[in-house]
Amino acid sequence: MINKTPDFELLLKEINGLVKAPRDYFELAAILESLGYSDQRIKADFGYEDIFSFSQEIFQQIQDTQSANCLNEKIVEKTKISELFLGTLRGVFSVLPMIISMFSVFLMNFSLWSFVDKNDSGVEKATAIALATILSMVATGGFSQSFLRKAYGLYEQKFSKKLWKLYIFYFKEGLFAAVYIAALISAFVLFSDIYRIKNLIIFDVYFLLLTAVWLCMPILNIYKAEGIFVLNLGLSIYLVYFLKYYLCIDIIIAQIVAMITFVIVHFVFIKINLALISYKNENKYLSANYNPRLLFDAYITAPYFVYGILYYALIFMDRLIAWSSNIKYILEPVLRMKGEYDLGMNWGIFVIIIPAIFIEVFVRVYINKVFISSKSFSVEREDNFIKTNLKNFTALIRMFLVICIIGAIVSIGVINYTVFKWGIELNPYYSDISRNVFYVSVIGYIFIIGGLLSNIYLLYLSQGKTLVRILMISIGINFTVGFILSRIFEEYFACVGFLAGAAVFFVLSTYYTYKVIKKLDYYLYFNK
Amino acid sequence: MGFEENRLTILLTTEGTYPFNAGGVSTWCHKLIGEMKEVDFSVISVIDSPFAVQNFTLPENVKNFISIPLWGTMDSSEHLNWIPFSNIFMAKMQTNEKIIKNEFIPIFSKILDEILGISKNSYDFGINLTKMYEYFRKYDYEKTMKAECIYSYYKTKIIKGIDNCDFFYSKSKIIPMIQEIEESLGLIYRFFNITNTTIPEVNITHSSAAGFCGIPNVIAKILHGTPYLLTEHGVYMREQFLWTNRADMSLFMKNFMLSLVEAVVRLNYAYADLICPVCAYNTRWEKKFGVEDNKINVIYNGVDPAVFVPEELEEEKRKIIAIARIDPLKDIKNFINAARIILDELPELKFGVYGGASDKKYFNECLHLRDSLGLKEKFEFYGYFEKPEKAYHAGDIIVLPSVSEGFPYSVIEAMMCKKAVVATDVGGVREAIGTCGLVVPPRNPKELANACIWLMRNEESRKRISEAAREKASRIFSIENFLNEYRKAYESLKNGGFAYDKQDARF
């Protein structure tokens, strides 16, 4: 029988504050020992043989004084406004490079468009540059995705030095891969003699430099420092302007100098960042046995590597189809850039600007809702959990599509009242074909960005193989439809292939996301 | 494997300590391995991350070192560096849903019964863990544990268990949330990756904790009959009770963790041939958890009397110091409050703490308390000091104001340095000090202060106590004693049974 002295009541109060719904008296014994009680003290203060016997006595009392309401807590959390604001801001920064590039290219005439003659030689030069641009994105897509896959874990665990080492490794590997690809293509061109050597050199230089430029982005994504990329890009564009208009340097040379400067500035930033990061305990990284094997890493990140390549392949497949066909030479193997076609497709990219600003917010909101619902529904109410998440996703997709449509209306309006109005004055390649291709591409890009939203959820839930499957089917449709139509009709019908592929991409991405949501609890575990 | 013939081979398993994190257990491991040059060791270290900083260079007699990171890897086989990737790839290809359902789920079901059940059957648990280990010699851990059928099976079992009074949550009427299902299975996936690691064949296994690092030892015993020695520094189960109460966890998760840990602790206690806690105080818990008396043999920590030597010239410093981490369990605030009381009587004294701040928030609270009591000029924090043997000579009295301890090295090191010790009566402190120092109640700055004042005012008594402390430490807590005790223990286990001479007591 406990003698309920004031000391005892105080002790009971203290224990109630420290432990919620104790499991058994052992738990109380541990708490008592942590409060400094020993067997001797318990005996002296309360007359019990030892802590364990005392704990057994008070266990029931503790349980009775604690309310049953604490047993099943309900979590009520909402996405913070600040998170939404920051997400939107990051979205703005992520599309700024695109806006700046398009502004400089289309409205300032700051591109190959303005300086390339419409003769055969000029087209070949433009083809070299455009092909270098496309291939550089395809080549770096895989490395970026693989890096991001591994890097987020390191970033969250704050292993900064390891993270930077990993980034340098991926940067080097990406560049080496680009060198091999450039060598292969160069060998083919030299032996087949289908292009001028001068343009081959332009291709190689642009390809390698643009690869380096795109490889600068992933580390900035990890550290949420896309603004650095934007700043660096703006400075580079200004440098081109300065070299071209003040020093009268050829535009190609000016762009090459600007790209080199971009990469140098990026690495200066990295060095400064490395110096600022504090390496608490990381300087002595000495783990005797642990060293991730390259083959193992490659195996784990392979689906994401392939995804990164295939995503850009989907975006640009139609260009290669259009460039490889010619009304004179139906089976011509040589790529010739079709300026009118490319102009229309490039203008279409404007449509993704507005949705791209909000995509991160949508992703964050949905993931938060998923977490909240997983804490709010008991395991017996799994059906309701699934239904709620399906409903949330449907609402999100609908809202996102509305934003995409708004984006489409805005971009059509802007393009109509600027680019189309100035027409051939702005760009010598402007024509009705460009305009028609533009309208088709707008719909296609809406599907692409809509599908991308679902892709991000699938990436988050580590569904790399599913994403590869979606892209392979979409690319297949893109290629098949585009190739057939461009050969039967005109090369510009390749954009219909793009539209078909994009539509399939959207449908499949959404379908598989719904499939995953129907087993969401399992996939949340799978992602652990 | 690198073992020489005819040399004793021992597998030492650690958890969150050696050779990565500094602390008492790591120091103990390093001394044990480093001084026992006649033994070949394998070390399996269970750690939280693959990028843990290794603070100890492994001695030459460590022939094999395996670290098992429980978190931070993208695949559960990532740490198996010695296994060719082709073998791992083949295991992944061989693992399919049919194999998982037919061969793994029956084992998994029994393991879940043990984890989730209120009553524990440690012997069956050990056998099922061994079956799990054998399964993962052929099949892939990642593919198995992340299979949809495993998740579905687990979820169904949890749901059925809601009305089954044998499971811990049904008794407490806690209905788990979906997130708790994912999280709890996620913990099982992480912790039991230990069974995915090949265990070297040795003469004896030795675990430094009755936790997850003891699982390879249990499996080795079942598979090969390898004798198992368990050393308990703290009491693993008690530490988990304290940790789960401090952590921000739901009730289901807290009870899940405790149920899981209890299963593992009892497993270790059941299969260990010999349990050697570092102090008699810890044996109380072991006995409460069903360990037979004849399986327990206390082996105290030991310090090197050639390193921790008395001062050559003993001169009064008018200083009281503590050598401890700045941590809530060390209760430095108790020392600070006591310092205020002491200064009212002996205003010429100074105070200091040698130790790193493992808890920044707590450290700031200590600084604030010190300043608010007007002790800024009198009470100093010196930070981590690499040579503690020199730090002990900075003061006349060594204080340990902790609220919780196992068998603290700082007390026996101070005694070996011929210093008078005032320490709180927690854990094995009273066993260590006995009459060779002053033991006071914890969380009582007045008692702590009175003991320090008495010692500072009574120089002769202080000298007598410190001499007795040195004599006791040399006799009982020397590193030679510590090593000899373990040599005897290894010898008795190597010969196939525990025949330890309990008559050879020094108390």
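Residues to consider are A:Val414, A:Val361; find the one that is within 28 Å of A:Leu499 (Cα to Cα), touching a residue at least 12 places away in the same chain (Cβ under 8 Å), surrounded by 18 or more Cβ atoms within 10 Å (Cβ to Cβ) and away from chain B (no Cβ under 14 Å). Give the steps one after another, and end with the answer.
On the way: A:Val414 fails: surrounded by 18 or more Cβ atoms within 10 Å (Cβ to Cβ).
None of the other options fit; the residue is A:Val361.
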B:Ser492 - would you say it is at pLDDT below 95, farther than 21 Å from B:Leu32 by Cβ and either assigned to a helix (DSSP H, G or I) or not small (Gly, Ala, Ser) (or both)? no
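Run down A:Ile202, A:Ile194 and say which single residue is away from chain B (no Cβ under 14 Å) and modelled with pLDDT under 85. Steps first, please.
Details: A:Ile202 fails: modelled with pLDDT under 85.
Within the list A:Ile202, A:Ile194, the selection yields A:Ile194.
Could you list, in sequence order, all residues of region A:187-210 that are surrounded by fewer than 17 Cβ atoms within 10 Å (Cβ to Cβ) and either in a helix (DSSP H, G or I) or within 36 Å of the chain's Cα centre (by Cα) (or both)?
Kept after step one, since they are surrounded by fewer than 17 Cβ atoms within 10 Å (Cβ to Cβ), are these residues of region A:187-210: A:187-188, A:190-194, A:196-198, A:201.
Within region A:187-210, A:Ala187, A:Phe188, A:Leu190, A:Phe191, A:Ser192, A:Ile197, A:Lys198, A:Ile201 qualify.
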Residue pairs qualifying under the 8 Å Cβ cut-off, at least six apart or on distinct chains, with the first in region A:370-386 being at the interface with another protein chain (Cβ under 7 Å from one of its Cβ atoms) and free of Cβ contacts under 8 Å to residues at least 12 places away in the same chain and the second being among the hydrophobic types (A, V, I, L, M, F, W, C) and surrounded by 21 or more Cβ atoms within 10 Å (Cβ to Cβ), are A:Phe377/A:Phe385; A:Phe377/B:Met177; A:Phe377/B:Ile178; A:Val379/B:Ile158; A:Val379/B:Met177; A:Val379/B:Ile178; A:Val379/B:Ile181
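Per-residue answers, yes or no, for (1) of a type in the set (Gly, Ala, Ser); (2) within 14 Å of chain A (Cβ to nearest Cβ); (3) under 18 Å from the mean Cα position of the chain (by Cα):
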position	(1), (2), (3)
B:Pro227	no, no, no
B:Thr231	no, no, yes
B:Arg238	no, yes, yes
B:Trp243	no, yes, yes
B:Phe256	no, yes, no
B:Arg266	no, yes, yes
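Within region B:72-99, can you find the residues that are among the β-branched types (Val, Ile, Thr) and within 14 Å of chain A (Cβ to nearest Cβ)?
Of all residues in region B:72-99, those among the β-branched types (Val, Ile, Thr) come to B:73, B:83, B:88, B:95, B:99.
Of everything in region B:72-99, those that are among the β-branched types (Val, Ile, Thr) and within 14 Å of chain A (Cβ to nearest Cβ) turn out to be B:Thr73, B:Ile83, B:Ile88.
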Query raised in the report: Within region A:495-516, is even one residue within 14 Å of another protein chain (Cβ to nearest Cβ), within 30 Å of A:Glu382 (Cα to Cα) and without any contact (Cβ under 8 Å) to a residue 40 or more places away in the chain?
Result: yes
Within region B:131-162, residues closer than 20 Å to B:Phe89 by Cβ, within 12 Å of another protein chain (Cβ to nearest Cβ) and not acidic (Asp, Glu) come out as B:Lys143, B:Met145, B:Lys146, B:Ala147
**Item:** Some residue of region B:203-212 being under 15 Å from B:Ser76 (Cα atoms) and more than 14 Å from chain A (Cβ to nearest Cβ)
**Value:** no
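Those residues that are under 24 Å from B:Ile111 (Cβ atoms) and part of a strand (DSSP E or B), I need them from region B:209-231; list them, please.
First pass over region B:209-231, keeping only residues under 24 Å from B:Ile111 (Cβ atoms): B:209-226, B:228, B:230.
Selection gives B:Tyr228, B:Leu230.
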Log entry, pairs with first residue in region B:475-490 being of a type in the set (A, V, I, L, M), second being modelled with pLDDT under 95 and not in a strand (DSSP E or B), beta carbons closer than 6 Å, six or more apart or on different chains, reads B:Ile476/B:Arg506; B:Ile479/B:Gly302; B:Ile479/B:Asp304; B:Leu483/B:Glu35
Selection from region B:163-194 of residues facing chain A (nearest Cβ under 7 Å), out of contact with any Leu (no Cβ under 9 Å at 6 or more places or on another chain) and among the hydrophobic types (A, V, I, L, M, F, W, C) yields B:Met177, B:Ile181, B:Leu185
If you go through B:Gly23, B:Gly34, the only one that is surrounded by fewer than 18 Cβ atoms within 10 Å (Cβ to Cβ), within 30 Å of A:Tyr155 (Cβ to Cβ) and away from every other protein chain (no Cβ under 14 Å) is B:Gly23
Checked against (1) aliphatic (A, V, I, L, M); (2) crowded, with 21+ Cβ neighbours inside 10 Å; (3) in a loop (DSSP other than H, G, I, E, B), B:Ala306 satisfies every condition except (2)
B:Ser250 passes all but one of the listed conditions (1) polar (S, T, N, Q); (2) surrounded by fewer than 22 Cβ atoms within 10 Å (Cβ to Cβ); (3) at pLDDT 95 or above; the exception is number (3)
Q) Do we find a residue being at pLDDT 90 or above and within 20 Å of B:Glu471 (Cβ to Cβ) anywhere in region B:384-392? A) yes
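One line per residue, one yes/no per condition, for (1) within 24 Å of the chain's Cα centre (by Cα); (2) among the aromatic types (Phe, Trp, Tyr); (3) over 28 Å from B:Glu312 (Cβ atoms):
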| residue | (1), (2), (3) |
| --- | --- |
| B:Glu386 | yes, no, no |
| B:Tyr392 | no, yes, no |
| B:Pro401 | yes, no, yes |
| B:Pro408 | yes, no, no |
| B:Val421 | no, no, no |
| B:Val426 | yes, no, yes |
| B:Ala449 | no, no, yes |
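Would you list the helices (runs of 4 or more DSSP H) that sit entirely within region A:76-157 and hold 1 or more residues that are modelled with pLDDT of 75 or more, of a type in the set (Val, Ile, Thr) and surrounded by 14 or more Cβ atoms within 10 Å (Cβ to Cβ)?
Working: elements: A:81-102, A:112-115, A:120-156.
Result: A:81-102, A:120-156.
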Those residues of region A:241-266 which are farther than 15 Å from A:Leu209 by Cα and of a type in the set (A, V, I, L, M) amount to A:Leu243, A:Leu247, A:Ile249, A:Ile251
- Message: Take B:Ser119 and tell me if it is more than 11 Å from chain A (Cβ to nearest Cβ), surrounded by fewer than 18 Cβ atoms within 10 Å (Cβ to Cβ) and in contact (Cβ under 8 Å) with a residue 12 or more places away in the chain.
- Response: yes
For region A:297-319, pairs from a residue that is within 14 Å of chain B (Cβ to nearest Cβ) to a residue that is in a helix (DSSP H, G or I) and hydrophobic (A, V, I, L, M, F, W, C), with Cβ under 6 Å and 6 or more apart or across chains, are A:Pro303/A:Val468
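The values are calculated or read from the model by the stated rules, or taken from the named source; none is laboratory data. Model, not experiment: these values are computed from the prediction. Every residue, glycine among them, receives a Cβ derived from its backbone with ideal geometry; neighbour counts consider all protein chains shown.
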